[in-house]
Amino acid sequence: MNANSRPAAPVTLKTWLRQAAAQLQAAGIRSARLDSELLLTYVLQVDRPYLISHDDEPLSQPVLVQLQALLERRLERVPLAYLTGYKEFYGHRFAVSPATLVPRPETEVLVAMAVDAMTPGAAMLDIGTGSGCVAISVGLAMKGLIPAPIIRAIDVSEAALAMARDNARALGADVDFYLEDFRQHQGMQHDVVAANLPYVNPAWQNSPELAHEPPEALYADDDGLALINELLAMTPALLRPGGQLLLEADPRQLDRITEKALESGLVLRQRQGCVVHLARP
């Protein structure tokens, strides 16, 4: 060993965060610093304040290897939630996987509207439930109401339903899940219908992260409106008179959805963010 050589300095939390954030930022990831912190808290099983109070703590080699593997996948634009296995949504932690979409903050607007629309004993249908984040969040917000609301959630993916059931069990929500295509629905009508159907047009310039999410839950024909238009036509079979329909879509689509809804005999209550709130007279 050369007398002038020295052992490499240990990589501390602070150093790793700085280097990881720089790589993510160079790759065009806007949440570079936050993503780096969340990867580090996930691997170390600590909270974010710990990173500040222990920023000079050295990282072990096994931890560095694990962090590097996760960082490389994030640089490939794999959604952070798929790397950690969870996503915070409406104050709850939901398990997610590539079988489900990653819950989006904008969908919390739909949940808040659904909560406002629910009354004791009301029946709600969540179409395209995925991880179950909408139905479960509404169910938890309604917990304790007497008579208890009836909350049903449907999806065409068995894998997504399995994850939704696990989330409901873990969070203590009373939701019934069914493998069902809304276009074949022949059951009861509901007081509230919430739908987060596929609405992305593949021709749009979409985020690279979408390439890792289930395409059947994202994309639809007719500029992304095919399934939404089918749902609007089916509203009488799904929604009771006086019932409320909540649809999430891209803001660019809301004018056309509203026009189609009015043609279908629905009434516009409000539009907020990515959500159209309609009612059946």
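The values are calculated or read from the model by the stated rules, or taken from the named source; none is laboratory data. Because the structure is a prediction, the values reported are computed rather than measured. Ideal geometry is used to build each Cβ from the backbone, glycine not excepted, and the neighbour counts take in all protein chains shown. Keep in mind that these areas ignore ligands, DNA and RNA; they rest on the heavy atoms of the full protein, side chains included. Shrake-Rupley method; radii C 1.70, N 1.55, O 1.52, S 1.80 Å.
Pick from region 94-139 the residues that are in contact with a His (Cβ under 7 Å, 6 or more places away or on another chain) and either aromatic (Phe, Trp, Tyr) or surrounded by fewer than 24 Cβ atoms within 10 Å (Cβ to Cβ) (or both): which of them is farthest from LEU210 (Cα to Cα)?
ALA123
For the structure I just gave you, tell me whether ALA237 is within 19 Å of GLU263 (Cβ to Cβ), small (Gly, Ala, Ser) and over 20 Å from the mean Cα position of the chain (by Cα).
Yes, satisfied.
Among the helices (runs of 4 or more DSSP H) lying completely within region 65-150, list those that include at least 2 residues that are touching a residue at least 40 places away in the same chain (Cβ under 8 Å) and in contact with a Ser or Thr (Cβ under 7 Å, 6 or more places away or on another chain).
In region 65-150, the matching helices (runs of 4 or more DSSP H) lie at 133-141.
Here's the yes/no breakdown for (1) assigned to a strand (DSSP E or B); (2) free of Cβ contacts under 8 Å to residues at least 12 places away in the same chain:
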| site | (1), (2) |
| --- | --- |
| LEU161 | no, no |
| ALA164 | no, no |
| ALA168 | no, no |
| ALA173 | no, no |
| ASP191 | yes, no |
| ASN206 | no, yes |
| LEU210 | no, yes |
| ASP223 | no, no |
| LEU246 | yes, no |
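What pairs can you find where one residue is in region 248-266 and without any contact (Cβ under 8 Å) to a residue 12 or more places away in the chain, the other is aliphatic (A, V, I, L, M) and in a helix (DSSP H, G or I), and their Cβ atoms are less than 7 Å apart, with a gap of 6+ or different chains?
No pair meets every condition.
Taking only region 38-66 into account, find how many residues are of a type outside the set (S, T, N, Q), within 17 Å of ALA81 (Cβ to Cβ) and open to solvent by less than 30 Å² (accessible area, probe 1.4 Å).
3
What residue, among those in region 9-37 that are among the charged types (D, E, K, R) and touching a residue at least 40 places away in the same chain (Cβ under 8 Å), is most open to solvent (accessible area, probe 1.4 Å)?
Only one residue fits best here, namely LYS14.
Select from region 212-221 the residues that are open to solvent by 30 Å² or more (accessible area, probe 1.4 Å) and part of a loop (DSSP other than H, G, I, E, B) and list them in ascending order.
ASP221
Scanning for something of a type in the set (A, V, I, L, M), within 27 Å of PRO120 (Cβ to Cβ) and in contact with an Asp or Glu (Cβ under 8 Å, 6 or more places away or on another chain), does region 200-207 turn up at least one residue? Explain how you work it out, then say what you get.
From region 200-207, those of a type in the set (A, V, I, L, M) are 200, 203; that's our starting set.
Those left that are additionally within 27 Å of PRO120 (Cβ to Cβ): none.
Checked against the condition, which is being of a type in the set (A, V, I, L, M), within 27 Å of PRO120 (Cβ to Cβ) and in contact with an Asp or Glu (Cβ under 8 Å, 6 or more places away or on another chain), region 200-207 yields no hits at all.
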